[in-house]
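The values are calculated or read from the model by the stated rules, or taken from the named source; none is laboratory data. Computed from a prediction, not measured in an experiment: that's the story for all the values here. So basically every Cβ, Gly included, is an ideal-geometry build from the backbone, and we count neighbours across all protein chains shown. Just the protein is used for accessible areas: all its heavy atoms, side chains included, with ligands, DNA and RNA removed. Shrake-Rupley method; radii C 1.70, N 1.55, O 1.52, S 1.80 Å.
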Amino acid sequence: MKRKINNICSDLFAECVATSLSGNPDMENVNALLSSIIIIQDDYIRRVSHPEPGMLPKKYYNELEESFYKQVDEIIDHIGYLL
């Protein structure tokens, strides 16, 4: 799961940089979006490494994955708005 998170965040970061170079977006928004990608990656890697006590592991990781993909969709939407 850590590898998947790292790969997806790396792709999002690269896409955001590529989008910022192709147009003339507000660099403050680009920098905020890049920062949020790094924060999301760090947060989810940390959460994979230290599951919540008392939760069933399968349920915990399913909810974690669902939450991660929801945030990925939001980041993709924000990248689309950069143009």
Fill in the blank from the handout: The answer for the net charge of residues other than K2 whose Cβ lies under 14 angstrom from its Cβ, with Lys and Arg +1 and Asp and Glu -1, is +1
Exercise for the section: Taking the Cα centre of the chain as origin, work out the dipole magnitude from +1 charges on Lys and Arg Cβ and -1 charges on Asp and Glu Cβ, in debye rounded to 20. Expected result: 480 debye
Exercise for the section: Treat each spin label as a single point 7 Å out from the Cα along the C-beta direction, and report the Y61 to L21 distance in nm. Expected result: 3.6 nm
Problem - the chain: relative contact order as a whole-number percent, Cα under 8 Å and 6+ apart - result: 46 percent
Exercise for the section: Would you mind calculating the gained length between F13 and D73 on full extension (0.36 nm times residue separation, minus the Cα-Cα distance), in nm to one decimal? Expected result: 20.3 nm
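Quick check: net charge around Y60, other residues with Cβ under 13 Å of its Cβ, Lys/Arg +1 and Asp/Glu -1? Walk me through the numbers on the way to the answer.
Numbers: positive: R47, K58, K59; negative: E52, E63, E65, E66.
Net local charge, Y60 excluded: -1.
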Handout entry: Projected area averaged over orientations for the chain, convex hull of C-alpha atoms, nm²
Key = 5.1 nm²
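Carbon and sulfur together cover what percent of the accessible area of the chain at a 1.4 Å probe radius?
53 percent
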